[in-house]
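So the structure is just underneath, and the comments pick up after that.
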Amino acid sequence: MSDMIRHDWSVDEVLEILEMPLLDLVDRARAVHKGFHKDGTVQLSSLISIKTGGCPENCGYCSQSAHHAKKTGLKKEALMSVDDVLEKAKLAKEAGANRFCMGAAWRKVRNGEEFDRVLEMIKGVKKLGLEACVTLGMVSDEQAKRLAEAGLTSYNHNVDTSPEHYDKIVTTRNYKDRLDSLEAARKAGIKLCTGGIIGMGESNRDRASMLRVLANLEKHPESVPINALVAVKGTPMENLPPVDSLELVRMVATARIVMPESRVRLSAGRSNLTKEAQILCFMAGANSIFYGDKLLTTSNNDCNDDKALIEEAGLKIAS
Ligand code: SAM
Ligand code: DTB
Ligand code: SF4
């Protein structure tokens, strides 16, 4: 089985998988999934925006970019207090989550009181018995070390799309910046949560190229979030057509095949999926979801519906 863990994928190979006849693709992904994830669990990851809006980056999909603020009308908020965040974490734990992910609309981490506060949040979340994840933008080696010392389980930093399509999505940073931060987190011994978004005008080759970047990292990311674009009103991507659910199934299945050990997370855009489409994604290898009625600024599926869905599918909640 270990020969299935490869780090030398070509774009053509990944593209060939992505474009396989759908049921053959799902069969192949399911076989990999059953070989590597015998426990049949789904990880519930709760998400909270600890610092909303006013971000200096110009990511075309994002409701929180200051560049789109006039049109989205999203109000910039200050970094939350440690107590308020831990209160939410407690609720997430009681609702059954096993990971608590905290997102900040920052371009990069800056040393100072706010970073210290985030370190306290991480310590508090860990104390509650939850895995702690943060997504704070770019991070240096030294900052990653401090995050690791605070007990951080995982750092979320998405590559978002292919290197080729990247400058059509964001121009205030480049692909290498993303990879450098991922490397800083990895070097500090933090697990990686990194994936991307489909539905941003990219081709199938771009999708394959993005998965290749992730699969060819020295060590595969432990979590791979696959987001479908949430076309937020007021962003430059507001009028893009919705992602077909079967394209999401294809992406999940291909991620599962090229990164057999990772948890593939069915992420943003899940609230547009039927129960059946979500179950097809689980069949294709998804074994993690964002759990809680809100993502960062947009809404997510209802918790009770999610628990019922997992039970109906005969899966278990990861502890
Ligand atoms: N500012 C940090 C960063 O960019 O890394 C952390 C927060 S940022 C909102 C986290 C990720 O959420 C993005 O990289 C992107 O993949 C995803 N995301 C943001 N807005 C989205 C949208 N409208 N639809 C789908 N995914 C989105
Ligand atoms: C990820 O891959 N998706 C999450 C999380 N990582 C931080 C964010 C989704 C955001 C969806 C749009 C919003 O709610 O603003
Ligand atoms: Fe800022 Fe992150 Fe949104 Fe880009 S995705 S604008 S970096 S919050």
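The values are calculated or read from the model by the stated rules, or taken from the named source; none is laboratory data. Since this is a predicted model, take the numbers as computed values, not measurements. In this analysis, Cβ positions are derived from the backbone assuming ideal geometry, glycine residues included, and neighbour counts consider all displayed protein chains. Ligands, DNA and RNA are stripped out before the accessible areas are found, and what is left, the full protein with its side chains, is counted by its heavy atoms. Shrake-Rupley method; radii C 1.70, N 1.55, O 1.52, S 1.80 Å.
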Problem set entry | Hits in region 159-170 - residues which are in contact (Cβ under 8 Å) with a residue 12 or more places away in the chain and open to solvent by 20 Å² or more (accessible area, probe 1.4 Å) | PRO163, GLU164, LYS168
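With the condition kept exactly as written, say whether any residue in region 200-223 is under 20 Å from PHE115 (Cβ atoms) and of a type outside the set (Val, Ile, Thr).
For region 200-223, residues under 20 Å from PHE115 (Cβ atoms) and of a type outside the set (Val, Ile, Thr): absent.
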Problem set entry | Restricting region 271-285 to residues that are within 16 Å of the chain's Cα centre (by Cα) and within 16 Å of ligand 1 (Cβ to nearest atom), the residue that is farthest from GLY103 (Cα to Cα) | CYS281
For this session: Would you check which residues across region 73-94 are within 15 Å of ligand 2 (Cβ to nearest atom) and not in a helix (DSSP H, G or I) and list them?
Result: GLY73, LEU74, LYS75, LYS76, GLU77
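This table checks each residue for (1) among the basic types (Lys, Arg); (2) in contact with a Phe, Trp or Tyr (Cβ under 9 Å, 6 or more places away or on another chain).
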| site | (1), (2) |
| --- | --- |
| VAL82 | no, no |
| GLU87 | no, no |
| LYS93 | yes, yes |
| PHE100 | no, no |
| ALA105 | no, no |
| LYS108 | yes, no |
| GLU113 | no, no |
| ASP116 | no, no |
Exercise. Got a sec? Which of ALA132, ALA144, ALA97 is open to solvent by less than 20 Å² (accessible area, probe 1.4 Å), outside any helix (DSSP H, G or I) and closer than 23 Å to ARG178 by Cα?
Worked result: ALA132
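Which residues, counting only those in region 174-205, are in a strand (DSSP E or B) and either open to solvent by 50 Å² or more (accessible area, probe 1.4 Å) or in contact with a Gly (Cβ under 7 Å, 6 or more places away or on another chain) (or both)?
Of everything in region 174-205, just one residue is in a strand (DSSP E or B) and either open to solvent by 50 Å² or more (accessible area, probe 1.4 Å) or in contact with a Gly (Cβ under 7 Å, 6 or more places away or on another chain) (or both), namely LYS191.
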Seminar exercise, completed: Selection from region 38-63 of residues buried (at least 18 other Cβ atoms within 10 Å of the Cβ) and part of a loop (DSSP other than H, G, I, E, B) yields THR52, GLY53, GLU57, CYS59, GLY60, TYR61, CYS62, SER63
For this session: Look at region 1-23 and say how many of its residues are under 20 Å from GLY35 (Cβ atoms), in a loop (DSSP other than H, G, I, E, B) and either open to solvent by less than 50 Å² (accessible area, probe 1.4 Å) or in contact with a Lys or Arg (Cβ under 6 Å, 6 or more places away or on another chain) (or both).
Result: 3
Problem set entry | Checking ASN111 against (1) in contact (Cβ under 8 Å) with a residue 40 or more places away in the chain; (2) of a type in the set (S, T, N, Q); (3) open to solvent by 50 Å² or more (accessible area, probe 1.4 Å), the condition it does not meet | (1)
